[in-house]
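**Student:** The structure that follows is given in the form of structure tokens.
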């Protein structure tokens, strides 16, 4: 692609680094910004910079947050005796959009995937175990994608958590195998949370 400006070329190259954005889409986005007011573009730039420099991860659940403790963990209206274990922030958002869950979360930060070199030590597993040690948690729900990596992670977590006197459940499989939570419609996901089942059939 030939560019009439080095600045334009550099901007397009940066946008093209975003997932799912090719050069043509990147060019369209850059040209859109060029047609906006300078103040609007500066506001956009400031928001992106603040996102990277000021955002935090909740010290309790590891969800993305503006504070040391996220709004969900800090809320007295939430049921802190139930923890829903998810892969990342996108899954928290997906479950919250169903309005069917009122507990708190624990964000693992990924799934166990030996093929990708991701093991239990790369995830927030130890902090989940620590949260259960005080005896206040009554149920842990595994809300992980219905994939090989998701099932592997659930199996490992079950072995780590079964020492505690809590209910361990997993979302109902109204979700097709191979499906990721963020792409599941809200009705199906909400029903899967409400009709969760005990995790008791996996070999120990």
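**Student:** Having 2 or more residues that are modelled with pLDDT of 95 or more, surrounded by 13 or more Cβ atoms within 10 Å (Cβ to Cβ) and not assigned by TED's automatic domain parsing to the domain that holds residue 154 is the bar; report the helices (runs of 4 or more DSSP H) wholly within segment 55-138 that clear it.
**Tutor:** Filter on segment 55-138 gives 71-74.
**Student:** Moving on. Of 16, 26, 47, which residue is surrounded by 15 or more Cβ atoms within 10 Å (Cβ to Cβ), free of Cβ contacts under 8 Å to residues at least 12 places away in the same chain and over 17 Å from the mean Cα position of the chain (by Cα)?
**Tutor:** Matching residue, one of 16, 26, 47: 16.
**Student:** Further, regarding this structure: Could you tell me which residue of segment 19-54 is nearest to residue 105 (Cα to Cα), considering only residues that are out of contact with any helix residue (DSSP H, G or I) (no Cβ under 7 Å at 6 or more places or on another chain) and not in a helix (DSSP H, G or I)?
**Tutor:** 19
The values are calculated or read from the model by the stated rules, or taken from the named source; none is laboratory data. Here the structure is a predicted model, which is why all the values come from computation and not from measurement. Virtual Cβ from ideal backbone geometry, glycine too; neighbours counted across all protein chains shown.
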